[in-house]
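Q: Pasting in a structure now, in structure tokens, and then I'll have a few things to ask.
What follows is calculated from the coordinates using simple rules that are stated; it is not laboratory data. Nothing here was measured: the structure is a model prediction, and the numbers come from that model. FYI the Cβ positions are ideal-geometry reconstructions off the backbone, even for glycines, and counts take in every protein chain you see.
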Amino acid sequence: MFLFLIPLVSGFFFNLASAFTAAFTRRWGGRAGSTISIILRDVLGIPLWGLGFLLAARAASAPIFETGLATQITGWLLIAAGALLIIVALSAIRARALAPSTGDPLIQQGIYAHLRHPIHAGTLLEFAGLFLLGPSLTVAIACLAGAGWLLIQSRFEEIDLIQRMPGYPEYMRRVPRFIPHLPKR
């Protein structure tokens, strides 16, 4: 029943490689460091944790609560909102999303003027939506593990970004991590 945790946690571990771009670059050079990040995160990490979520959804586990039309609609809306946020964020950083390097500029406009980690924020919305669509124990565990992983991942990425981008500490003070500031009246 809990075998889904093996690919899920393994995928999270490999995905964390993107938070070590500066370290990989110092150790193996710019091109090799970036390539290692790509292979560990994009080739191994993301597919593995995706498989973990799929296995969690397919595992025999009783529902925690019964879903209705409102729950289903809310779940799909959260997934759509998360996907839109991710697409907007990826379009702002373009190829840097696939291949992080030590020469990346700090993006501070668009969605990145409001959130430091919009891709992670979108993924959190998607986790919430997935739970509403399939509210089983295994999906709840996968979503909670995913949320915990994103908190850890974002913190490690910020340590890496401070090393790679001189203006990042000031950016961190000004821009929230996951939830944008509400406009002041």
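Q: If you filter segment 1-101 for chymotrypsin sites (Phe, Trp or Tyr not before Pro), then keep DSSP loop positions with at most 12 other Cβ within 10 Å, what is left? Mind showing how you got there, number by number?
A: Details: sites: F2, F4, F12, F13, F14, F20, F24, W28, W49, F53, F65, W76; in loops: F2, F4, F65.
Sites meeting the loop and neighbour criteria: F65.
Q: Moving on to the next point. Compute the separation of the alpha-carbon centres of segment 1-18 and segment 44-93 and state it in Å as a whole number.
A: If you average the Cα positions of each part, the centres end up 16 Å apart.
Q: While we're on this one: Hey, can you grab everything whose amide H is under 5 Å from the amide H of S136? Only 5+ residues off in sequence or another chain; H modelled, so Pro and N-termini drop out.
A: For S136, the qualifying residues are I64.
Q: Once a ≥ b ≥ c are taken as the square roots of the eigenvalues of the Cα gyration tensor of segment 112-185, is the result rounded (a/c under 1.5), prolate (a/b larger than b/c) or oblate (a/b not larger than b/c)? Intermediate values should be presented prior to the final figure.
A: Numbers: a/c = 3.82, a/b = 1.69, b/c = 2.26.
Because a/c hits 1.5 or more and a/b fails to exceed b/c, segment 112-185 counts as oblate.
Q: Relative contact order for the chain: what is it in percent, counting Cα pairs under 8 Å that are at least 6 residues apart? Mind dumping the intermediate values first?
A: Values: 267 pairs, mean separation 53.6, N = 185.
Dividing the mean separation by the residue count of the chain yields 29 percent.
Q: Rounded to the nearest 0.05, what FRET efficiency do V43 and I64 give with R0 = 35 Å and r taken as the Cβ-Cβ distance? Could you check?
A: Values: r = 34 Å, r/R0 = 0.97.
Calculated value: 0.55.
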